[in-house]
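As structure tokens, the structure follows; a few thoughts come after it.
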Amino acid sequence: MARTIKRSRSKKTKGSRKGEASSSSSINPAVASGPAQVWQPGVDALEEGEELQFDPEAYNYLRGFSIGWPCLSFDVLRDQLGLVRSEFPHTLYGIAGTQSQKASWNYAGIFKLSNIKGKKREPIPSSGIDGDDDMDSDSSSDEDDEETNEDTEPILHLQRVAHEGSINRIRSMNQNPHICATWGDTGHVQVWDFSSFIASLEDSETVADKDNGIIHHHVPLKVFSGHKDEGYAIDWSPKVTGRLVSGDCNKCIHLWEPSSSDWSVDTEPFVGHSASVEDLQWNPTEENMFASCSVDGTIAIWDIRQGRKPCYAPVKVHNSDVNVISWNSLAGCLIASGCDDGSISVHDIRAIETGESGKSLVAHFAYHKHPITSVEWSPYEASTLAVSSADNQLTIWDLSLERDAEEEAEFKAKMKEQVNAPQDLPPQLLFVHQGQKDLKELHWHPQIHGMIISTAADGFNVLMPSNIDATIPSAGASITMSM
């Protein structure tokens with residue numbers, strides 16, 4: 001699949017069926033608009049001079065920000081501010097890897113976004129990005145809007161650490177978030193200790209840094225050069241502190257085992273795919289098992305105790321490249337996958353383990369028409385999945401939903417001519433977000449319910465859809481699906 005970030009010469013405001021945001025090199029407020037007809041992403045085309053506007057009621061929070069160069073990959077850093085947070089204001093920490101025009105300009109960006117303020121099920125205060133005075137809210141005066149926007153402006157702090165070459169993927173260790181691994185386009189996998197930079201962010205003042213353009217030079221804890229090609233697949237074990245797997249474009253997967261002060265990387269790789277290994281995911285409940293996906297269209301399940309071959313024959317799950325996978329932490333039998341043809345599949349690994357791989361398919365959606373670039377299960381809802389695609393859409397799916405003809409009829413009667421909803425949308429499609437160009441990766445915040453962060457060629461978005469239920473289920477929540 002195409003992994004590079006497309007360079008855009010100009011920026012336009014885009015929208016979606018249910019919401020939209022725009023991104024630039026600073027923190028961007030959302031722009032409100034009135035109701036409009038339904039526009040189908042990937043189906044309808046905008047006429048010259050037209051642009052989509054988002055509905056602020058669709059979001060509890062929506063902002064864009066940038067750390068400089070575009071980032072192909074990032075991760076959310078777990079923090080000590082509370083395991084489950086639902087009340088504004090919020091603060092988030094993250095780490096991202098750049099894709100600069102010159103290899104020597106790249107860096108890992110450790111960032112803190114604070115003063116994140118929103119209001120449950122009420123519009124985000126409007127503000128004219130381009131000086132458009134026609135967007136004023138009917139419910140408040142210009143003075144009130146200006147005063148509110150100043151108060152709700154988030155604060156970005158950033159630390160930059162030099163990195164040799166572009167960063168294909170970056171991941172933080174769950175147990176020790178200051179320990180991060182990077183996959184570089186130079187073919188090296190590196191492990192870093194960013195504790196001093198995170199501490200600096202924690203001690204930062206309540207105003208944004210006036211000069212955060214300094215790029216620090218920092219020595220990694222470990223550099224592994226045993227891969228024969230560059231790669232994108234890497235994942236820390238959620239069960240064994242410090243255990244790591246990395247996969248490359250040469251079909252090989254290497255296991256990293258931690259020692260007291262270093263890592264031991266197996267020189268003999270795991271081999272079972274016939275093409276590039278695109279993504280890796282550890283089993284969230286079984287410490288010795290992980291899954292991989294490949295350009296060969298398959299998913300493979302591995303047990304590190306059983307040699308260097310897959311436990312079972314790799315299962316064909318798509319007819320094209322499988323770009324990304326996500327193993328459900330609340331329903332451990334489910335793995336979601338995203339394909340180069342734009343399709344999304346969910347498989348039950350219990351059928352694979354019993355030799356009935358033909359019966360493993362739980363759900364399949366062909367809504368997106370361009371490659372899937374990221375998939376991730378919600379850490380709070382076992383049936384909820386977030387997806388990003390090269391069609392510039394971020395979608396949220398709830399596999400527990402079914403079509404309700406009576407409810408649809410009631411909705412259409414209420415809306416009358418205000419909405420002409422498409423007839424072929426899957427009932428499991430919960431939310432559509434647009435506004436970013438060349439979307440590459442998304443993550444749910446593991447400690448802030450309903451918050452999603454996404455990266456694209458034109459920067460980051462932080463969004464909290466208003467139709468994501470705020471109820472926090474128990475860790476043992478079950479999932480019942482009817483397709």
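Some notes on this structure:
- Computed extension gain for A162 through R305, at 0.36 nm per residue and net of the alpha carbon distance, reaches 47.8 nm.
- A 1.4 Å probe run over the range 190-291, with the rest of the protein chains in place, finds 47 Å² accessible per residue.
- Amide H contacts of K239: none lie under 5 Å away among residues 5 or more positions distant or on a separate chain (H built 1.01 Å from N in the peptide plane; Pro and chain starts excluded).
- Less than 5 angstrom separates the built amide H of E164 from none of the residues sequence-distant by 5 or more or on a different chain.
- Amide H to amide H, with H built 1.01 Å from N, C252 comes under 5 Å of V277, counting only residues 5 or more places away or on other chains.
- Residue-by-residue Karplus 3J(HN,Hα) for the range 55-61, coefficients 6.51, -1.76, 1.60, Hz, glycine and proline x: 8, x, 6, 7, 10, 7, 7
- Cβ crowding within 10 Å averaged over residues, with 306-319, 78-91, 49-62, 377-390 ranked highest first: 377-390, 49-62, 306-319, 78-91
- Additional length obtainable on full extension of the chain from N467 to E153, 0.36 nm per residue less Cα span: 110.7 nm
The values are calculated or read from the model by the stated rules, or taken from the named source; none is laboratory data. All of these numbers come straight from a predicted model, not from anything done at the bench. We place every Cβ from the backbone using ideal geometry, glycine too, and count neighbours over all the protein chains shown. Heads up: the accessible areas ignore ligands, DNA and RNA and are worked out on the full protein's heavy atoms, side chains in. Shrake-Rupley method; radii C 1.70, N 1.55, O 1.52, S 1.80 Å.
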